[in-house]
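Inspection log for the structure reproduced underneath, given as structure tokens.
Derivation of every value follows stated rules applied to the coordinates shown; laboratory data play no part. What you see is a predicted model, and the numbers here were worked out from it, not measured in a lab. Here the Cβ positions follow ideal geometry from the backbone for every residue, glycine too, while neighbour counts run over all protein chains shown.
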């Protein structure tokens, strides 16, 4: 799959994931929540003044969907993270305030998180882009 190259592609993917969470079938909701639970690097965005999070491995590929994501055996954050950074023009990193907001968002969605330690995630903690998108619907 091709990596995103512009902001519109990124926002389209965020909207796709968000629709699965908010309006999808039960199966789509569970699938999307699992992507959010398993994510390490996220773009933060707001809808209706609520801070939400989209994992880079899903939103970093052009016109992504559940079906395309499941078929993509080569998906890798080491590819999507630089693509998202290039599109947004900002680096991502550990941010305590966004991590706390992510944990609260997961709790609201009924997602149970396990404690992430550096050794469990290739010596990494959750990371976030230092920017909050507000995709218009």
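Here are the numbers:
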quantity	calculated
Estimated FRET transfer efficiency when R0 is 22 angstrom, pair residue 19-residue 107 (beta carbons, to 0.05)	0.55
Relative contact order for the chain, counting Cα pairs under 8 Å that sit 6 or more residues apart, in percent	33 percent
Candidates 18, 48, 79: whichever shows maximal mean-square fluctuation once the chain is modelled as a Gaussian network with Cα springs under 10 Å	48
Förster-model FRET efficiency, 25 Å R0, residue 37 and residue 8, C-beta, rounded to 0.05	0.40
C-alpha center-to-center spacing [the range 77-94, the range 15-62] in angstrom	17 Å
Candidates 35, 66, 78: whichever shows maximal mean-square fluctuation once the chain is modelled as a Gaussian network with Cα springs under 10 Å	78
Residue with peak Gaussian network fluctuation, the chain [Cα springs, cutoff 10 Å], from 62, 26, 95	26
Rounded to 5, the percent of DSSP beta bridges in the chain classed as antiparallel	70 percent
